Amino acid sequence: MRRQYPFHLIEPQWQNRWDAQETFRAFNPGEPPAAEHPFAGRHGEAAPESLEKYYILDMFPYPSGAGLHVGHPEGYTATDILARFERMRGKHVLHPMGWDAFGLPAEQYAIKTGQHPRQTTEENVANFKRQIKSLGFSYDWTREANTTEPGYFKWSQWIFLQLYNSWFNPATNKAESIDTLKYPNDVASDEAKRAYRDEHRLTYVSHAPVNWCPELGTVLANEEVIDGKSEVGGHPVVRKPMRQWMLRITAFAQRLLDDLDTIDWSDSLKEMQRNWIGRSEGAEVTFTVQDSGEEIVVFTTRPDTLFGATYMVLSPEHELVDALTTEAQREAVAAYREAAARKSDLERTELAKDKTGVFTGAYAINPVNDEPVPIWIADYVLSSYGTGAIMAVPAHDERDLEFAQKFELPVRVVVEAPEGESLGFTGNGTSVESGFLTGLPTPEAKAKITDWLQENGKGKRTINFKLRDWLFSRQRYWGEPFPIVWRDGRHEAIAESELPLLPPELDDYKPTAEGDPPLARAAGWVNLPDGVLRETNTMPQWAGSCWYYLRYLDAQNDERFVGEAAEKYWMNVDLYVGGTEHAVLHLLYARFWHKVLFDLGHVSTPEPFQRLVNQGIILGEDGQKMSKSRGNVINPDVVIGEYGADAFRLYEMFMGPLEMMKPWSTQGVEGVYRFLGRVWRLFIDDSSYKDYEQAVTVAPDSAEAGLAELKLHPSISDAEPTDEQLKALHACIKKVTEDLEGMRFNTAISALMVFSNEASKWDTRPRAVLGTFLNLLNPFAPHLAEDLAARLDTAHGGTLAYQPWPVHDDAYLVEDTIEFPVQVNGKLRGHIVIAPDTPREEIEQLALECEKVQQFISGKEIKKVIVVPNKLVNIAAK
RNA sequence: GCGCGAGUGGCGGAAUUGGUAGACGCGCCGGAUUUAGGUUCCGGUCUCGCAAGGGGUGGAGGUUCGAGUCCUCUCUCGCGUACCA
């Protein structure tokens, strides 16, 4: 196939030039650009920090061995276009890239081959960087960050120490230094104080059952377990008690929820976070166990149904189960608990259809009417939510009803539905058979019973969150070691001066035979003098990605995780683009860390990402999700080799709206590729290009040098633009500008196509008009635009990167006459040709006289004539 | 089940506040250039109809001079979530 234009030469040429010039470098406060840098060419002596900043961020990739797929460059192209656009509009743009390079695949490869994960990672990063660079993105590579480099993870560890040395003060609703923690009177001894401190830190050690994945040899966070299987690899996950580090994210639940209102994210994304945080208002109610005096606290969102509570259920793991089980039931209860404990999460969810449970033999007293109710255990009650115990109101809860029916427990209707069946009704109705609540509508009944409980010491108003604390330790090698040591069985932070704490070198990356993490193999590293031991867990991959957007601001700083002036100037992130797969994990964790850093005074904003946009998934040509097994994966290298980076970029944006899911089409790539060819031929004399191609066939070595010999199209001149030409240009400026502001890349490209289709018909092509067009094209297809601008000599300072963005003038867009549509009863019947400022009466007159319209209104009564200025005229006739 | 999003030509998709449905691109049809294929250039392309005209934005109603756009009901698909009391 004939090459539309020599992109294979032009593209590397410009990429090298941008690199050599550091064209896209952003400048931190107090760091003025060199006089010969095009930034200075545009902004003169102005201090960089005096300019309006624009921080535009991509979700950095995990550099996998498979290399880039076409989904990565979708978001990257969108942000690059906007970065170039805003740079031309005069903003000081920060557009960085880096590597989320800790992770399991490199470690698994190490286990298989013995090759150090560092080496695998370096190779993959190099490949990713080559691929990303081949797309001509305007990243400031001087700020490249890599989570696996000691200079980076030193600060990940440092942030962990900030968490370790802080607590959440409910009075101020903020994270504070642990030193501000006040001890209650009964906490007097050093020992007790220490324990009290450790209980309040934002990081703490837990021995609770965790999600253990035997296949991966590590625990996983709740968020990493999908349907009882690991999110990575889909391996079974079982529950197993282990010592783990936790982060107290639940303390921030309310703020994480509230502050969603202050940021500009899509509703669906905010909703996902809200659902994950899962706030629900209700009450805790205390039931007393008959004969034993033990108290069981339950959480309910429907305290108004307390009169309908006919039994209670504890989760099998509930701490009181042993104490209250009667002799007669002991065996059955033990068997049930054992079975429940053995079940994986997967089994527990899969078997959810059929409710199971066992009676403990004990009864509790319903505080509102002193009736005894049987206490059961069942695994449909989760130990991890609320208090791990419920009052069952089968008449008004689907799950309780199902359970009650199966085990023939009493059902008592206490809420009357406004209409229809009251049994099983879970909405708002009217209380019945409910003592002092009877007759009250649900909201009032809730308030009244809650007050009653509170007054009688039988309960209180409570808010519950689904959000759990973040399980932060992993039994892996390739992650950040914890800056923690154990002395006499108690944890201590290591000194900041000892950071970064490097992982030990190992020959074998597998967990030990005893099931300890791989770091435990390095005896010399683990064992310190005086019997002090290093923590052998490592941090999860999220640690590095929780704060990388801050490191970019000052990537080389080895005094601080980010310099104060740089942080103040650049934050927040103005636009963050990435996939929905990070809707709850990364985005929630990062917001949490950011809030802690904010509370402690290390950053200046409460939220990190002001605006966030999700790109849609790109499907294969068959409309299916791309996957190796389907064989429908598109390799960017191949597409770039065949059509060039500009065509690739353009196509990814032309496919459709950024946020939509859309299928790949190689024919579609050819379409935009042809467009770039037409642009090329708009500027270049095609016969000179044909001669060039011939010459290159004979002497391939002359390819690069021969480019300089290409002639401009003979129609190009310094002629004054005609009105028609200016109109086409200014219409294009207007449309492209507005579409870029609204991130409508596909329609912006369509406007560029419309212009080029128009311009190719012109006999004279004024240099000024075509030059301005190249400015518009530059963000989308920067290599081609730069090359043609250089030939046209319209790029001052040797690059289009800092050319002023064109501004349209409405004066060029006015029409002398317009074809004005005429409708009859809302149906288009004809057109009248009028001047733009024709008065209403005259338009009416002309419309009624219009020949084509006549046949539809003759003999009818004209009821109304509606003239919509600049739109149309509609005649209502009957 | 619940939450969110989307349904427009053969395909990807356009269509400020309700105002000429189908921009732009693909594909297809025809023509020009070419020995030919490819490339390029020009024209056509929602649908029924010879035409006048009719129909048409998942479906059914409604509001309006006028609805892809607003309202009610409904169907389908995608994503998220799921015994959260």
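The values are calculated or read from the model by the stated rules, or taken from the named source; none is laboratory data. Quick caveat, the model's predicted, so the values are computed rather than measured. So basically every Cβ, Gly included, is an ideal-geometry build from the backbone, and we count neighbours across all protein chains shown.
Taking residue A:388 as the residue in question, decide whether it is on the phi > 0 side of the Ramachandran plot, of a type outside the set (Asp, Glu), within 7 Å of RNA strand B (Cβ to nearest atom) and at pLDDT 90 or above. Yes; evaluated as a whole, the condition is true for this residue.
Looking at the structure I just gave you, is residue A:707 farther than 25 Å from residue A:761 by Cα, touching a residue at least 60 places away in the same chain (Cβ under 8 Å) and not charged (D, E, K, R)? Criteria met by residue A:707. Condition check for residue A:529 on (1) in contact with a strand residue (DSSP E or B) (Cβ under 6 Å, 6 or more places away or on another chain); (2) without any contact (Cβ under 8 Å) to a residue 60 or more places away in the chain: one failure, at (1). Restricting attention to the stretch A:753-784, which residues are within 22 Å of residue A:15 (Cβ to Cβ) and part of a helix (DSSP H, G or I)? Passing the criteria: A:774, A:775, A:776, A:777, A:782, A:783, A:784.
Taking the criterion of being surrounded by fewer than 24 Cβ atoms within 10 Å (Cβ to Cβ), assigned to a helix (DSSP H, G or I) and of a type outside the set (D, E, K, R), the residues of the stretch A:83-99 that qualify are A:85, A:88.
Only a single criterion out of (1) modelled with pLDDT under 95; (2) away from RNA strand B (no atom under 11 Å from the Cβ); (3) in contact with an Asp or Glu (Cβ under 8 Å, 6 or more places away or on another chain); (4) not acidic (Asp, Glu) is not satisfied by residue A:339, namely (3). If residue A:4 passes every condition in (1) more than 24 Å from residue A:549 (Cβ to Cβ); (2) surrounded by fewer than 19 Cβ atoms within 10 Å (Cβ to Cβ) but one, which one does it miss? Unmet for residue A:4, out of (1) more than 24 Å from residue A:549 (Cβ to Cβ); (2) surrounded by fewer than 19 Cβ atoms within 10 Å (Cβ to Cβ): (2).
Criterion applied to A:55, A:139, A:62 was being among the aromatic types (Phe, Trp, Tyr) and touching a helix residue (DSSP H, G or I) at 6+ places or on another chain (Cβ under 6 Å), and the one residue passing it is A:55.
Residue-by-condition table, conditions (1) in contact (Cβ under 8 Å) with a residue 40 or more places away in the chain; (2) closer than 27 Å to residue A:472 by Cβ:
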position	(1), (2)
A:582	yes, yes
A:604	no, yes
A:625	no, no
A:640	yes, no
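Go through the stretch A:267-285 and give me each residue that's polar (S, T, N, Q) and near RNA strand B (Cβ under 9 Å from one of its atoms). Passing the criteria: A:268, A:275, A:280. So for the stretch A:694-714 (the condition being assigned to a helix (DSSP H, G or I), within 16 Å of RNA strand B (Cβ to nearest atom) and surrounded by 17 or more Cβ atoms within 10 Å (Cβ to Cβ)), does at least one residue qualify? Yes, the stretch A:694-714 contains at least one residue that is assigned to a helix (DSSP H, G or I), within 16 Å of RNA strand B (Cβ to nearest atom) and surrounded by 17 or more Cβ atoms within 10 Å (Cβ to Cβ).
Quick check on the stretch A:628-647. Is at least one of its residues polar (S, T, N, Q), within 11 Å of RNA strand B (Cβ to nearest atom) and out of contact with any helix residue (DSSP H, G or I) (no Cβ under 6 Å at 6 or more places or on another chain)?
Step one: of the stretch A:628-647, the residues polar (S, T, N, Q) are A:629, A:632, A:635.
After this cut, where a residue has to be within 11 Å of RNA strand B (Cβ to nearest atom) as well, the list is none.
Checking the stretch A:628-647: not a single residue is polar (S, T, N, Q), within 11 Å of RNA strand B (Cβ to nearest atom) and out of contact with any helix residue (DSSP H, G or I) (no Cβ under 6 Å at 6 or more places or on another chain).
With respect to the conditions (1) free of Cβ contacts under 8 Å to residues at least 24 places away in the same chain; (2) among the aliphatic types (A, V, I, L, M); (3) buried (at least 21 other Cβ atoms within 10 Å of the Cβ), residue A:126 falls short on a single one, namely (3). Among the residues examined, residue A:205 qualifies as surrounded by fewer than 19 Cβ atoms within 10 Å (Cβ to Cβ), touching a His at 6+ places or on another chain (Cβ under 7 Å) and not hydroxyl-bearing (Ser, Thr, Tyr).
The residue of the stretch A:773-795 that is modelled with the highest pLDDT, among those that are under 21 Å from residue A:89 (Cβ atoms) and surrounded by fewer than 21 Cβ atoms within 10 Å (Cβ to Cβ), is A:775. Residues in the stretch A:286-300 that are among the β-branched types (Val, Ile, Thr) and more than 16 Å from RNA strand B (Cβ to nearest atom): A:288, A:289. Within the stretch A:274-288, can one find any residue that is of a type in the set (Gly, Ala, Ser), touching a residue at least 60 places away in the same chain (Cβ under 8 Å) and surrounded by 20 or more Cβ atoms within 10 Å (Cβ to Cβ)? Yes, that holds for at least one residue.
Residue A:401 falls short on exactly one of the conditions (1) within 26 Å of residue A:209 (Cβ to Cβ); (2) within 44 Å of the chain's Cα centre (by Cα), and that condition is (1).
Any residue at all in the stretch A:553-566 that's part of a helix (DSSP H, G or I) and in contact with a strand residue (DSSP E or B) (Cβ under 7 Å, 6 or more places away or on another chain)? No: the stretch A:553-566 contains no residue that is part of a helix (DSSP H, G or I) and in contact with a strand residue (DSSP E or B) (Cβ under 7 Å, 6 or more places away or on another chain). Listed conditions (1) surrounded by fewer than 16 Cβ atoms within 10 Å (Cβ to Cβ); (2) closer than 30 Å to residue A:574 by Cα; (3) touching an Asp or Glu at 6+ places or on another chain (Cβ under 9 Å) are all met by residue A:730, apart from (1).
Identify all residues within the stretch A:1-51 that are charged (D, E, K, R), assigned to a loop (DSSP other than H, G, I, E, B) and either over 34 Å from the mean Cα position of the chain (by Cα) or over 18 Å from residue A:556 (Cβ atoms) (or both); write none if there are none.
A:2, A:3, A:36, A:45 - these are the residues of the stretch A:1-51 that are charged (D, E, K, R), assigned to a loop (DSSP other than H, G, I, E, B) and either over 34 Å from the mean Cα position of the chain (by Cα) or over 18 Å from residue A:556 (Cβ atoms) (or both).
To keep it simple, each residue is scored yes or no on (1) of a type in the set (S, T, N, Q); (2) more than 22 Å from residue A:79 (Cα to Cα); (3) at pLDDT below 95.
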residue	(1), (2), (3)
A:563	no, yes, no
A:567	no, no, no
A:574	no, no, no
A:578	no, no, yes
A:590	no, no, no
A:594	no, yes, no
A:605	yes, yes, no
A:608	no, no, no
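For beta carbons closer than 6 Å, sequence separation of 6+ or different chains, a first residue in the stretch A:753-775 that is in contact (Cβ under 8 Å) with a residue 60 or more places away in the chain and a second that is within 16 Å of RNA strand B (Cβ to nearest atom) and among the β-branched types (Val, Ile, Thr), the qualifying pairs are A:756/A:679. Which of the residues that make up the stretch A:738-749 are in contact (Cβ under 8 Å) with a residue 24 or more places away in the chain and part of a helix (DSSP H, G or I)? Those that are in contact (Cβ under 8 Å) with a residue 24 or more places away in the chain and part of a helix (DSSP H, G or I): A:740, A:745, A:746, A:748, A:749.
Looking at the stretch A:576-686, what helices (runs of 4 or more DSSP H) fall wholly within it and have at least 3 residues that are over 22 Å from the mean Cα position of the chain (by Cα) and crowded, with 21+ Cβ neighbours inside 10 Å?
Those helices (runs of 4 or more DSSP H) span A:636-643, A:645-654, A:666-683.
Among the residues of the stretch A:812-832, is any of a type in the set (D, E, K, R) and either more than 30 Å from residue A:875 (Cβ to Cβ) or modelled with pLDDT of 90 or more (or both)? Looking through the stretch A:812-832, none of the residues is of a type in the set (D, E, K, R) and either more than 30 Å from residue A:875 (Cβ to Cβ) or modelled with pLDDT of 90 or more (or both).
Considering only residues in the stretch A:755-784 that are more than 16 Å from RNA strand B (Cβ to nearest atom) and among the small types (Gly, Ala, Ser), the one that is nearest to the chain's Cα centre (by Cα) turns out to be A:771.
Tallying residues that are within 7 Å of RNA strand B (Cβ to nearest atom) and hydroxyl-bearing (Ser, Thr, Tyr) within the stretch A:737-754 yields 2.
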